[in-house]
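For reference, the structure discussed in these notes is given below.
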Amino acid sequence: MGEPLRIGVAGLGTVGAGVLRILERNGGLLTARGGRPMHVAAVSARDRTKDRGVDLSGARWLDDPLAMVDDPSVDVVVEVIGGADGVAKTLVERALAAGKPVVTANKALLAEHGGQLAAAAAAGGTTLGYEAAVAGGIPVIKSVREALAANRISSLHGILNGTCNYILTEMRQTGRDFADVLGEAQALGYAEADPTFDVDGIDAAHKLAILAGLAFNGTVRFADVHVEGIRKISAEDIAFAEELGFRIKLLGIARAEDGEIELRVHPALVRRTAPIAAVEGVFNAVVVVGDFVGEVMLEGAGAGAGPTASAIVGDLLDIARGIRVPVLGTDAGTLQPLAVRKIDRHRGAYYLRLMVKDRPGVIAAISAHMRDHDISLESLIQRGRSSTDAVPVVITTHETSEAAIRAVLGKIRQESAVVEEPHVIRIEPFNGR
């Protein structure tokens, strides 16, 4: 039996406390699997007096988490403070420079600074574990970096935010609108009091940036990820999608094409028969396509104290065993920025919902604009008859360009019969079962 792995935990929120809970409850099992005991030597958090439901008596309390870097009784640092900068970034950088392994759940930090941190880990002769930063308890990082390493990955897509997936699921199942379901999600603890990072797609974009760098052997500038959220999705859109044989999901999509990578997060219509369409509630899923393995889908709990802490402890076990792999799958010195394709070069099919005054010639005018921009219609739904109120017109297109869609929307907005901003959702051609 080896010497104990002495752990410093910086941050004692739900995830940090969850790590301590796993180490306490499954200590014997972890010792057998890691070949050495794992012991929490030091902890740090803002409030020393708060009851976190875990035993802290065996760990030293450090008011300054940065003290873990120079503490000889700490072998590995677990960073669950959060934030792309500030003390979390400083702690991780200093620990790696000192040659101490780090395990983190900090997706924002990795999305903004992943390439630099990979280089710092290599220079320090140590490792950075971040399984918990993407999709909670789903082992997607190890799968892409290690289990699928024999493959050239052509694309990946996934439901990367459980809050948005819960909201869209509830909207579909109950017919309620976004604001109503968001309030319920906040009451249940699925959404933060300020839900911006979740519902505006930023959280999912952080995770996509991390996955894309790993899958395509490069670094990603987070600003290059195209990001849209779900605030504009209405119950009406979800009902029309169902009628057309689709479901609406907030997806992160990374796809290699002609030497460039598409990186986009946005709501998408996917066929009800596609495996990812069946992922409901707070669950996450990631689909990876490799040249030899084909399509692989990983699904599970994407957030929460238990799943996220489980992923952290999995990385700690690798450190206990002496397993070390390059942070982003290849030598950090070879990593180059990925060439990212701008969203205006995207090609695909589209869903458009227009609210128009019900009068003769409206559909003909809209169709003429689409003809003039070489956009072919696949389907058209017109609802209701009303002399005073607007009625919805829903159009799906065959494959066209983002540039053509934007141009035709500019013309459609000028029509006096169009009374609301047109709503557009991209359609993704994922295979069904």
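With a cut-off of 13 Å between beta carbons, the residues surrounding Asp318 carry a summed charge of +3, where Lys and Arg count +1 and Asp and Glu -1. Close amide-amide hydrogen proximity is noted between Leu5 and Met38, His39, each under 5 Å apart and 5 or more residues distant or on a separate chain (H modeled in the peptide plane; Pro and chain starts excluded). Ligands, DNA and RNA left out, the 1.4 Å accessible surface of segment 267-341 is 57% carbon and sulfur atoms. Normalised size of segment 17-94, defined as Cα radius of gyration per 2.2 N^0.38 Å with N residues, equals 1.16. Computed from Cα positions, the angle between helix 107-123 and the longest principal axis of the chain comes to roughly 40 degrees.
Quick one: angle between helix 162-174 and the longest Cα principal axis of the chain, in degrees between 0 and 90, rounded to 10, please. Tilt relative to the chain: about 40 degrees. Residues of segment 270-294 with backbone nitrogen within less than 15 Å of a virtual label 7 Å along the Cα-to-Cβ line of Ser143, please, listed as ranges. Those under the cut-off are 275-280, 283-291, 293-294.
Positive end of the dipole of segment 276-399 (Cβ unit charges, origin at the Cα centre): among Val313, Thr330, Phe283, the Cα lying farthest that way belongs to Phe283. Here each label is just a point 7 Å from Cα along the line to Cβ, and for Lys411 and Asp64 those points are 6.6 nm apart.
If R0 equals 35 Å, the separation of the Cβ atoms of Ala235 and Glu260 corresponds to a calculated FRET efficiency of about 0.45. For the chain, a Kirkwood radius taken over Cα pairs fed into Stokes-Einstein (10 °C, viscosity 1.306 mPa s) yields D = 68 µm²/s. Computed 3J(HN,Hα) for segment 82-90, one whole-Hz value per residue from the Karplus formula 6.51 cos²θ - 1.76 cosθ + 1.60 where θ = phi - 60°, is x, x, 6, 9, x, 5, 4, 5, 4, glycine and proline marked x. Under 12 Å of direct C-alpha separation, and excluding same-chain neighbours fewer than eight residues apart, Lys357 reaches these aspartates and glutamates: Asp389, Glu415, Glu420.
Dipole magnitude for the chain: about 440 debye, using +1 per Lys or Arg Cβ and -1 per Asp or Glu Cβ, origin at the Cα centre. Have a look at Ala95, Ala149, Ala191 and tell me which one the Gaussian network model of the chain (Cα, springs below 10 Å) gives the largest fluctuation. Maximum among the listed residues: Ala149.
With 19 Å as the limit on Cα-Cα distance, the pairs of Lys342/Lys411; Lys142/Lys207; Lys107/Lys142; Lys89/Lys142; Lys232/Lys342 that go past it are Lys342/Lys411; Lys89/Lys142; Lys232/Lys342. Over the chain, Cα pairs under 8 Å with separation of 6+ residues give a relative contact order of 16 percent.
The Kirkwood hydrodynamic radius of segment 118-229, based on inverse pair distances between different Cα atoms, is 15.9 Å. Approximating the spin labels as points 7 Å out from Cα along Cα→Cβ, the Glu280-to-Asp331 distance works out to 5.0 nm.
Computed over the alpha-carbon pairs of segment 192-245, the distance histogram in 5 Å steps reads 4, 17, 19, 16, 15, 14, 10, 5, 0 percent, short to long. In this structure, the amide hydrogen of Arg341, modeled 1.01 Å from its nitrogen in the peptide plane, lies closer than 5 angstrom to those of Ile261, Glu262, Leu263, counting only residues at least 5 positions away or on a different chain. Computed with a 1.4 Å probe over protein heavy atoms only, the accessible area of Arg33 comes to about 140 Å².
Here the label points at Asp180 and Met297, each 7 Å from Cα along the C-beta direction, are separated by 2.9 nm in the simple model. Using the alpha-carbon atoms, what tilt in degrees (0 to 90, nearest 10) does helix 14-25 show relative to the longest principal axis of the chain? Once rounded, the angle reads 50 degrees.
Our compactness index for segment 226-272, the C-alpha radius of gyration over the empirical 2.2 N^0.38 Å, is 1.33. Along segment 239-245 the Karplus relation, 6.51 cos²θ - 1.76 cosθ + 1.60 evaluated at θ = phi - 60°, assigns HN-Hα couplings of 5, 5, 4, 4, 4, 8, x Hz to successive residues, with x for each Gly and Pro. Using only side-chain charges placed at the Cβ, +1 for Lys and Arg and -1 for Asp and Glu, the dipole size of segment 142-258 relative to its Cα centre rounds to 600 debye. The convex hull of the Cα atoms of segment 277-405, projected and averaged over all directions, covers 14.2 nm².
What is the sum of charges around Ile81, taking Lys and Arg as +1, Asp and Glu as -1, for the other residues whose C-beta is under 14 Å from the C-beta of Ile81?
Here the charged neighbours net out to -2.
Taking Cβ atoms as reference points and 11 Å as the exclusive limit, the residues near Thr126 contribute a net charge of +1, counting Lys and Arg as +1 and Asp and Glu as -1. Close amide H contacts of Phe246 (hydrogens built in the peptide plane, cut-off under 5 Å, sequence separation of 5 or more or a different chain): Arg272. Computed over the chain, the per-residue total of -39500 (n - 2.57) for DSSP H runs of n ≥ 4 gives a 222 nm mean residue ellipticity of -10000 deg cm²/dmol, rounded to 500.
The phi torsions of segment 37-54, fed into the Karplus equation with coefficients 6.51, -1.76 and 1.60 and a -60° offset, translate into couplings of x, 10, 10, 7, 8, 8, 9, 8, 7, 6, 10, 5, 8, 5, 7, 9, x, 10 Hz, rounded to whole numbers, with Gly and Pro shown as x.
For Asp180, the solvent-accessible surface with a 1.4 Å probe is about 80 Å², rounded to the nearest 10.
The values are calculated or read from the model by the stated rules, or taken from the named source; none is laboratory data. Not measured: the values here are computed from a predicted model. Virtual Cβ from ideal backbone geometry, glycine too; neighbours counted across all protein chains shown. Please note that ligands, DNA and RNA were not included when accessible areas were found on the heavy atoms of the full protein model with its side chains. Shrake-Rupley method; radii C 1.70, N 1.55, O 1.52, S 1.80 Å.
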